[in-house]
1. How big is the accessible area of B:D157 in square angstrom, nearest 10, if you roll a 1.4 angstrom probe over the protein chains?
2. In this model, which of A:K13/A:K190; A:K361/A:K393; A:K27/A:K72 are farther than 30 Å apart at the alpha-carbon?
3. How much FRET efficiency would the formula 1/(1 + (r/R0)^6) give for A:D231 and A:I148, where r is the Cβ-Cβ distance and R0 is 41 Å, rounded to 0.05?
4. In Å, what is the Rg of the alpha-carbon atoms in the range A:259-506, and how long is Dmax?
5. If A:L146, B:L230 are ordered by their accessible area, calculated over protein heavy atoms with a 1.4 Å probe, which sequence runs from highest to lowest?
6. Percent antiparallel among DSSP beta bridges with both residues in chain A, to the nearest 5?
7. Quickly estimate the mean residue ellipticity at 222 nm for chain A, helices only: each DSSP H run with n ≥ 4 gives -39500 (n - 2.57), and the total goes over all residues, rounded to 500.
8. Kindly compute the accessible surface that chains B and A hide from a 1.4 Å probe when together, both sides summed, and give it to the nearest 100 Å².
Amino acid sequence: MSDIACEISDLKKSFGPNQVLRGISMKLPSGQVSVLMGANGAGKSTLVKVLCGVQKSDSGDVKLFGSPFKPKSPIEAYKYGVITVHQSINDGVIPDLDVTSNLLLDSLAQPGKQFLLKRSEMKARATEIAKSIGFKGDLDTVVARLGIADRQMIAIARAVACNPKLLILDEPTSSLSAIEAKRLFEVIEKLKREGVAILYISHRMSDIRAIADRILAMRDGRISGEFEGEDLDYEGAVTAMLGKKMSDFNVDISEVSSPVLQLCDLRLSKDSKPLDITVSRGEVLVITGLLGSGKSLLSSILFGLEKPAYGQILLEGLNFEPNSPANAIASGVHMSPKDRANNAIVGDFDIEANLTLPFTKFFSNFGFIDKKRQRVDCSDMIDTMGIVCQGGKDSIGTLSGGNQQKVIVGRWLLKTCKLLILDEPFQGVDIKARRDIGTHIRATSNNRATLVFVSEIDEAVEIADRIIVLHEKAVVGEHVNKNIDLPELLSQVSGNSNTLKQAESLQ
Amino acid sequence: MNKDILREFAIRFGFILLAGLLVLFFSFFASGFAGPRSAVFIFQSVAITGILALGVTCTLVVDGFDLSIGSVATSALMLSAYMMVVLEQSAFVAVMACLLMGAVVGLVNGLLIVKMRVPDLLATLGMMFLLIGLQRIPTEGRSISTGMRLPGGQVADGTFAEGFLWLGRHRIDLFLEKLIPVPVIIFLFISVLIWVFLEKTRHGRLMYAIGSNERAAALAGTNVFGYKILAYMISGITASIGGILLAARLGRGDIASGNNLLLDSVAAALIGFAVLGAAKPNAFGTAIGALFVGILLQGLTMMNAPYYTQDFVKGAVLVVALIFTFALSSRVRGGNH
């Protein structure tokens, strides 16, 4: 059973000057689950893309069952039995088609298939596939009507149905509930017995405990640690992934004065537990949790995009019920949203116009834009944030992702506020820009309360005074950012049952 | 490097250069083309389409589209005639009624799009049909002129007020006697007004922000719904101004006039994308775009090109302008998309 399905040696890949893979070597044995861990930007996604034929490596070898494997396209990789379920779920399903068609998509796309579709045949085959993975929904439903977890299961079922030899799963449980994840693990066990090699990308401890045979830790484009054997050294793997122990991050805990934001008995949805969270002036509070833990919902509520199911929000002691972003801004709450390309960047505008977007009123007299005031304030912000550009008149599209993010965060720092909310401020940002942004946020945090939502732990410990962990819309952990018990924090994030029980017994 | 500069130059000034060359060409080869009267004639020929085009530019800025402008203009034409000839109202009342009608149509368009979530093209297409039909109902499909027989059997004996006709026919002395027609002045005035509004005020900037990334604009606290409705109201009002000027020039409520208004003005706004390499809707470009078409048609007419080639010429100009915008300047815009 210990055949090596796939052997990678000294794989390198650069994007321009940016070296993403700096010589990856690893072996993936058949019938085993190799878990790959790595922080944001470590190069996990690029490695996956090379393996599944989306991108070509610059140098290095990949061998599949002993013969060289250099797929030029995903179709070629598919023919060799290398099947990938990508992290972004919507790449794995076609929303306008029904479940049956989605499950059979790969066979439909094969050249030489019969021209006409036979509904009954398709249905029979789809039922079989759905049964194998325990999907219980109606096969005639259009996928667009399904929730994110069902879509994820369909994408996985599709991959399993292709009879993979090497199956790559990129964060497959990120949107699954515990029960669905368990179903997935059963499927993985079955595939293992059939001798499929599985490369499983995740750093959720619950996943790793349940299925990992080996752990590969990845950092800065290299494999920084390999762990095998009966007792997998999870903490060691985390340290290898981050490159240093958590206690190496040095944050001077800020002095805290009066409370700015208080959530009193706030319920995010009707059946969720109440939240009681306070953020004070001078404090940087990080709220972390997985997708669906309620982070996005909470940020939307605070910025007037959603209404809470129940409870009260106090801003500087006064009732705060924003009904629109404009309303929230007027009350002194600024929010930099996640996913800058969709939610923040105005692609047709230059840096200045992007920076000043929320405050055009402040930068104009009787409605006419005051170009001089705009230029002065913007060039200050460009300097303090360290935005790399020729000047404020550069189009935002000419900047790198990290610099774009600096513009978007800088936008909300142009004017003072009572509460600054940053939703995933380090998304798609290189390590240098991340440090710059983090430093600046901490440096300016004295006169306001700062609330940051991130899903990566290493980002959280870099900038937080205090970290609160959300799981299924409830607080499951709270840590002051000093000598944090990292494994405990990680297990809280992944909703480990023990800590959940503890949290329940505390209440 | 050199190639880049050349390309940049072509994108920015290509279209204006082309317009300049056309003027030179016609000045040499079409006798009577060069001269103030001919120049004014060109302005006059594009004034009404230009005004409509400026309105549709505002809707393009918020990433919308207004197909109803042509029918708003003809409705204003019929409404003003009906007000004066049948209801025997004054010029002032007629003008106000038309402007109000334009604003209301724009408001309804905006509400359909924003509140009812009807896609912009479909909402304004529906409105277009509605208005084309509506304007025929009061007169049972006939044109309006003094002395016409009404559906009830009476004879309409109101007339077009002098003041109203002045709007369409009067010419102001400037160096030469009776040189500049009032519609040209109104066209230039509205051009400057819309240009200042879009380029110099924060409201214009926020409208551009909505057009580029609506969600980002909303999350920056912009009143997206309000600005979208405003854009359609501007479009409705400018279209009704166009209709008023057309009625004042014709002096009767001609049911068949204004057929070409929609296509011509949309073309002018789209040609405007190419001016100065803007690659987006802009008031200056729209005005230049309208003039460009005017110059070309005037020159060709003077060189005895038959009238039926006009639409073909306009179409060709539009296609070339679109190539300018989308093929040549794609690199400039490409950044974030």
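1. 100 Å²
2. Working: A:K13/A:K190 34 Å; A:K361/A:K393 20 Å; A:K27/A:K72 21 Å.
Going by Cα-Cα distance, A:K13/A:K190 fall outside the 30 Å limit.
3. 0.75
4. 18.4, 60
5. Details: A:L146 30, B:L230 65 Å².
Sorted by accessible area, descending: B:L230, A:L146.
6. Of all bridge pairs located within chain A, approximately 55 percent are antiparallel.
7. Value at 222 nm, helices only, nearest 500: -9500 deg cm²/dmol.
8. Rounded to the nearest hundred, the buried surface is 2300 Å².
The values are calculated or read from the model by the stated rules, or taken from the named source; none is laboratory data. All values derive from a computational prediction rather than experimental measurement. Quick reminder, even Gly has a Cβ in these numbers, built from the backbone with ideal geometry, and neighbours come from all protein chains shown. Ligands, DNA and RNA are excluded from the accessible area calculation, which covers all protein heavy atoms including side chains. Shrake-Rupley method; radii C 1.70, N 1.55, O 1.52, S 1.80 Å.
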